[in-house]
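Written out below as structure tokens is the structure these notes cover.
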Amino acid sequence: MKKNKTFYITIYTREGCELCVKVKEKVQRAARHYPITLEMVDIRTDEALLQEYGCLIPVVHIDGEKVFVSKMAERWLLRELEIRSN
């Protein structure tokens, strides 16, 4: 692990979202290098989330900030975490 700071990553998803599964796998791989707490939130549990993110998932928040929408390459995530570590 590179740094001691724990990153809180939330992936907004819904059942059947294949892209969401791939994003989750990328976050789990990034956790080999950075301390990460991962939360998966099903947007169908909250009408406001469903309205906001319905067609955009997966949506990834890092430490409460929306960072990636619809797409996320693993290298993008690692770069973002490196920047936030400094």
* Asked: Does region 72-84 contain at least one residue that is in a loop (DSSP other than H, G, I, E, B) and either in contact with a strand residue (DSSP E or B) (Cβ under 8 Å, 6 or more places away or on another chain) or touching a residue at least 60 places away in the same chain (Cβ under 8 Å) (or both)?
  -> yes
* Asked: What pairs come up if the first residue lies in region 4-26 and is closer than 16 Å to residue 69 by Cβ and at pLDDT 95 or above, the second is surrounded by 14 or more Cβ atoms within 10 Å (Cβ to Cβ) and among the charged types (D, E, K, R), and their beta carbons are under 7 Å apart, counting only those six or more places apart or on different chains?
  -> 11/24; 13/42; 14/42; 26/74
* Which one of these does residue 33 not meet: (1) touching a residue at least 24 places away in the same chain (Cβ under 8 Å); (2) under 20 Å from residue 19 (Cβ atoms); (3) in a loop (DSSP other than H, G, I, E, B)? -> (2)
* Structure fact -> Across (1) touching a Ser or Thr at 6+ places or on another chain (Cβ under 7 Å); (2) not in a loop (DSSP other than H, G, I, E, B), residue 48 clears everything bar (1)
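The values are calculated or read from the model by the stated rules, or taken from the named source; none is laboratory data. Quantities reported herein were computed from a predicted structural model and do not represent experimental measurements. We place every Cβ from the backbone using ideal geometry, glycine too, and count neighbours over all the protein chains shown.
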